[in-house]
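What follows is a single structure, written as structure tokens, with notes after it.
The values are calculated or read from the model by the stated rules, or taken from the named source; none is laboratory data. The shown structure was predicted, so the numbers you read here are calculated from the model rather than taken from an experiment. Heads up, the Cβs are rebuilt from the backbone with ideal geometry, glycines too, and the neighbour counts pull from every protein chain shown.
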Amino acid sequence: MKKRSDSLTNQELRAGVLGFGQKSMRKNYYPELRLRNEELEQYRALLDQARDAICLVDIESLRLIDVNDGAIRLFQLEINKDNPLPTLPQVVGKKSETTIRDWMSGKDETKQGSLELEVERTDSTGKQVFLLLSLSRATFGDKEHVVCVGHDISARRHAERALQKSHAELEQRVLERTSELVAVNKELETFAYTVSHDLRAPLRVINGFSEILMMECGKKLSKDEMVYLQHIQKSSHEMNGLIDGIMTLSHSTKGEFSQESIDISLMANAIIETLKTTNTEKINYKIRPEMQAKGDKRLIKNLLENLLGNAWKYSKTKENALIEFFSEKQNNGIVFIIKDNGVGFDMSKADRLFQPFKRLHTSSEFEGAGIGLATVQRIVQRHGGRIWAEAEVGLGATFYFTLTAS
Amino acid sequence: MNNTLSSELRKFVAPEFVFGVGARKQVGQYAKNLGARRILVVSDVGVKKAGWTDEIVDILRESGFECIEFIGVTPNPKADEVMNGVELYLEADCDTIVVVGGGSPIDCSKGISIVVANGKDILSYEGIDTVPYPGPPLICIPTTAGTAADVSQFAIITDSIQRNKIAIITKSIVPDVSLIDPQTTLTMDPFLTACTGLDALTHAVEALVSNAHSPITDLHAIKAVELIAGNIENVIKTPNDLEVRQNMTLGCLEAGLAFSNASLGAVHAMAHSLGGYMDLPHGECNAILLGHVMDFNYNDAQHQFVHIAKAMNLNIVGGTNKQLRKSITDEVARIRKSVGVVHNLGGLGVHRTDVRELAGKALQDPCLLTNPRPAIKRDLEVLYEEAL
């Protein structure tokens, strides 16, 4: 228990009894009320500083009860004593009313706590304003109210729309460009095919008649005349080969495409057997058995014929020529490798390797039309794969290819 | 009258009050004026039984207020009763207190109001000027013509653990409004009427002889002595006479205005000690002690005792001081017996062995600060012994 003598003198205590104690002298509600009022004004000023719209909304009528300056700006409200404030749906669009009422009645259980929704309103100048509203409940005194905070997201939405528009435009342009390219390509292919096809007829005539001439008049012709005739025939054979190549090239990028499992080792062996029957040179070869691939059988066969044919062609002048065909696992795919120890090529010219009609060797050294590797590249690309080569002059060449995109 | 103003400052604080038959029915209007919404109505079982509490609650409900009743108050209100009231107030989110009853419910309400606004345990506000913030609006409807707690700056709460009454004295707890309706005193039984009447007489006498009395408090105190001495015997004889009841109620109010501003003296210091230590009725203790303390104080406040004698309508012309002293104390004793308060402290169960403890506690009571004659512990022991 506090003793009277503890801290204060009897004189001071007596003054307290008579109402002159500091706290009793201060007994007045006004300073406290003023302080609270200032605090409220301070909060109000803070609220008004916010760019967001902050509104107190009546839970029954959804009419705005109190709004900050942000709301007056954003909702273009007219504050005057004679007119009541509008309802929330009136300022943010009637469409939102059902959503808000469902949330309030608790129908939408997932959003019990607070509700977020995006609304769109047209301001008095006709400009579209996008708002992100968050609604929550608040109890003042005995009554429940809704507090609505509206954030202007117009800048973001307008930027998103502009971005979407330019995306769409770009897409459209790509589409247009692609279809133009497809048309041109198709035209070119048709042209190549037609030309090749149409060239065959006169070639057959040249070839046919030069053969007849050789058979029927061979004996009458001088030795030189006979050589001329043989030149004509050789050239017309070459031209026939060239036309075949162009047609294959043109076929390699169009026509049906099937995906089937292929024993690519078996296929390579068959091709080597054919090469052996049409060539006299003795060439060694090693083909890893049971290599499997997936792709179009006709196109893959064409690919192997070209690559193995090239290996043969450029190795046959070598002693102990060796052609190898095997595969390696790389990253997440299989790389097929065809390696020879033939004449090779100069790597500085490798960029021309797969271009049609570009050759790294002259026809007098090695015959050929310069279409084979161009065809091979297109076949690989059509399978979604990749092809590249490494070589050294005099030591041989190695071709690598994959048949699926890695 | 000793009208020489002392050099000390004097202050007079009184709540707004409405006095008269039917004053209680203004409660709705005043609750509205004070911005009430949910009201804690504090009362006790006796007043509730008499029907006053229900009547006030009905008026408040009809006026649109929500009411939460708290009738858990006993005579000599205890600190834990205050804290129970606080809990109920906060739980029900009340904003105003209306109290219907005598000194106990009113002091309990003051305690609730202090704790609600300031937070700590009620016992920590013991003393003078210890309450930092005024509490919520407090409307009093007193139903006894005695305590005048409805206009005073005092709240007396019992610390049941220490068996002690603590006094909280601050202008912060002067109620906002008091609706003083003599009609509510009609339901008091004769003994309660007598005890509360003698309590009011004690207030008036102690305020008059207080060393902090002033012309303004004297004015109210003298009127109070006149009214109480002139009506207390009649009110026992004719308890249903509303005019007599009205005079007693007015006397009590006048006494309250006086003592709230001039403070009290040794009678109250000693009675608080008895109430806290032995849970004895406050009014009865005052009645028993009054004569003894008046006798003890006489020489230090002779002028004031002359006013008392005049107000009691005693014939004092030509008498000596000694005769005057005797006639006043005799008159107080006579009135006490005449209204039926016949016991001495011994009759209430106080034993000689309690005296030291009682005197020790009374010595710490703030009411002793304004007793005209400085009292030491031995003085108080002697006074208790005389009253046994």
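Scanning the stretch B:190-213 for residues that are within 14 Å of another protein chain (Cβ to nearest Cβ) and either over 15 Å from the mean Cα position of the chain (by Cα) or of a type in the set (Lys, Arg) (or both) yields B:Ser210, B:Asn211, B:Ala212, B:His213.
Taking the stated definitions as given, is A:Ile271 assigned by TED's automatic domain parsing to the domain that holds A:Phe326, buried (at least 16 other Cβ atoms within 10 Å of the Cβ) and part of a strand (DSSP E or B)? No; evaluated as a whole, the condition is false for this residue.
Being modelled with pLDDT of 95 or more and basic (Lys, Arg) is the filter here, so list the residues in the stretch B:79-132 that pass it. The answer is B:Lys110, and nothing else. Considering the stretch B:144-167, and only residues there that are within 11 Å of chain A (Cβ to nearest Cβ) and hydrophobic (A, V, I, L, M, F, W, C), the residue that is farthest from B:Pro366 (Cα to Cα) turns out to be B:Ile161. Among the residues that make up the stretch A:241-248, is at least one of them in a helix (DSSP H, G or I) and either assigned by TED's automatic domain parsing to the domain that holds A:Ala293 or at pLDDT 85 or above (or both)? Among the residues of the stretch A:241-248, not one is in a helix (DSSP H, G or I) and either assigned by TED's automatic domain parsing to the domain that holds A:Ala293 or at pLDDT 85 or above (or both), which makes the answer no. Of all residues in the stretch B:259-297, those being away from chain A (no Cβ under 13 Å), small (Gly, Ala, Ser) and farther than 27 Å from B:Gln162 by Cα number 1.
Note on the stretch A:315-353: residues that are in a strand (DSSP E or B) and not charged (D, E, K, R) amount to 12.
Just one of the listed residues (A:Val393, A:Val380) is over 23 Å from A:Leu299 (Cα atoms) and either in contact (Cβ under 8 Å) with a residue 24 or more places away in the chain or not hydrophobic (A, V, I, L, M, F, W, C) (or both), namely A:Val393.
Residues that are touching a Leu at 6+ places or on another chain (Cβ under 7 Å) and crowded, with 17+ Cβ neighbours inside 10 Å within the stretch A:75-86 comprise A:Leu77, A:Leu85, listed in sequence order. You will find that of B:Ile114, B:Ile141, B:Ile56, the residue that is away from chain A (no Cβ under 13 Å), surrounded by 24 or more Cβ atoms within 10 Å (Cβ to Cβ) and under 23 Å from B:Val13 (Cβ atoms) is B:Ile141 and no other.
To keep it simple, each residue is scored yes or no on (1) farther than 18 Å from B:Phe154 by Cβ; (2) in contact (Cβ under 8 Å) with a residue 24 or more places away in the chain; (3) not hydroxyl-bearing (Ser, Thr, Tyr); (4) not assigned by TED's automatic domain parsing to the domain that holds B:Thr370.
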{"position": "B:Thr196", "(1), (2), (3), (4)": "no, yes, no, no"}
{"position": "B:Ala200", "(1), (2), (3), (4)": "no, yes, yes, no"}
{"position": "B:His203", "(1), (2), (3), (4)": "no, yes, yes, no"}
{"position": "B:Ala207", "(1), (2), (3), (4)": "no, yes, yes, no"}
{"position": "B:Ser214", "(1), (2), (3), (4)": "no, yes, no, no"}
{"position": "B:Lys223", "(1), (2), (3), (4)": "yes, yes, yes, no"}
{"position": "B:Leu227", "(1), (2), (3), (4)": "yes, yes, yes, no"}
{"position": "B:Ile236", "(1), (2), (3), (4)": "yes, yes, yes, no"}
{"position": "B:Pro239", "(1), (2), (3), (4)": "yes, yes, yes, no"}
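Of the helices (runs of 4 or more DSSP H) entirely within the stretch A:7-93, those holding at least 1 residues that are within 60 Å of the chain's Cα centre (by Cα) occupy A:29-49, A:69-75, A:88-92.
The number of residues in the stretch A:214-258 being acidic (Asp, Glu), surrounded by 11 or more Cβ atoms within 10 Å (Cβ to Cβ) and more than 13 Å from A:Ala192 (Cα to Cα) comes to 2.
Only residues in the stretch B:361-373 that are more than 8 Å from chain A (Cβ to nearest Cβ) count as the first member; pair them with residues that are of a type in the set (A, V, I, L, M, F, W, C) and surrounded by fewer than 24 Cβ atoms within 10 Å (Cβ to Cβ), Cβ under 6 angstrom, at least 6 apart or cross-chain, and list the lot. Hits for this filter: B:Pro372/B:Ala301. Could you please give the count of residues in the stretch B:211-224 that are closer than 21 Å to B:Gly283 by Cα and either touching a Lys or Arg at 6+ places or on another chain (Cβ under 9 Å) or of a type in the set (Phe, Trp, Tyr) (or both)? Selection size over the stretch B:211-224: 1. Is there a residue in the stretch A:288-298 that is assigned to a strand (DSSP E or B), of a type outside the set (Gly, Ala, Ser) and more than 28 Å from A:Glu211 (Cβ to Cβ)? There is at least one residue in the stretch A:288-298 that is assigned to a strand (DSSP E or B), of a type outside the set (Gly, Ala, Ser) and more than 28 Å from A:Glu211 (Cβ to Cβ). Set side by side, the residues B:Ala31, B:Ala36 differ, and just one is within 14 Å of another protein chain (Cβ to nearest Cβ), in contact (Cβ under 8 Å) with a residue 12 or more places away in the chain and of a type in the set (A, V, I, L, M), which is B:Ala36. Looking across the stretch B:117-138, the residues that are within 13 Å of chain A (Cβ to nearest Cβ) and assigned to a loop (DSSP other than H, G, I, E, B) come down to B:Glu126, B:Asp129, B:Thr130, B:Val131, B:Pro132, B:Tyr133, B:Pro134, B:Gly135, B:Pro136, B:Pro137. Pairing each residue of the stretch A:217-231 that is modelled with pLDDT of 85 or more with any residue that is among the polar types (S, T, N, Q), provided the two are 6+ apart or on different chains, yields C-beta distances under 7 Å for A:Leu229/A:Ser210. Exactly one residue out of A:Arg26, A:Arg34, A:Arg4, A:Arg63 is under 20 Å from A:Val146 (Cα atoms) and either more than 14 Å from chain B (Cβ to nearest Cβ) or modelled with pLDDT under 85 (or both), and it is A:Arg63. Among the residues of the stretch B:311-351, those that are assigned to a loop (DSSP other than H, G, I, E, B), more than 28 Å from B:Lys237 (Cβ to Cβ) and either touching a residue at least 40 places away in the same chain (Cβ under 8 Å) or β-branched (Val, Ile, Thr) (or both) comprise B:Val317, B:Thr320, B:Gly349, B:Val350. Is it the case that the stretch A:218-228 has a residue that's part of a helix (DSSP H, G or I) and polar (S, T, N, Q)? Taking every residue of the stretch A:218-228 in turn, none turns out to be part of a helix (DSSP H, G or I) and polar (S, T, N, Q). Considering every residue within the stretch B:155-170, establish whether at least one is within 23 Å of B:Val27 (Cα to Cα) and at pLDDT below 90. No, there is no match, as no residue in the stretch B:155-170 is within 23 Å of B:Val27 (Cα to Cα) and at pLDDT below 90.
Scanning the stretch B:356-371 finds no residues that are outside any helix (DSSP H, G or I) and surrounded by fewer than 18 Cβ atoms within 10 Å (Cβ to Cβ). Checking each residue in the stretch B:95-110 for being more than 29 Å from B:Asp199 (Cα to Cα) and in contact with a Cys (Cβ under 9 Å, 6 or more places away or on another chain) picks out no residue at all. Looking only at the stretch B:168-189, residues that are without any contact (Cβ under 8 Å) to a residue 60 or more places away in the chain and within 10 Å of chain A (Cβ to nearest Cβ) come to 2 in all.
Residue count for the stretch A:329-364, restricted to those that are closer than 19 Å to A:Gly396 by Cβ and small (Gly, Ala, Ser): 4.
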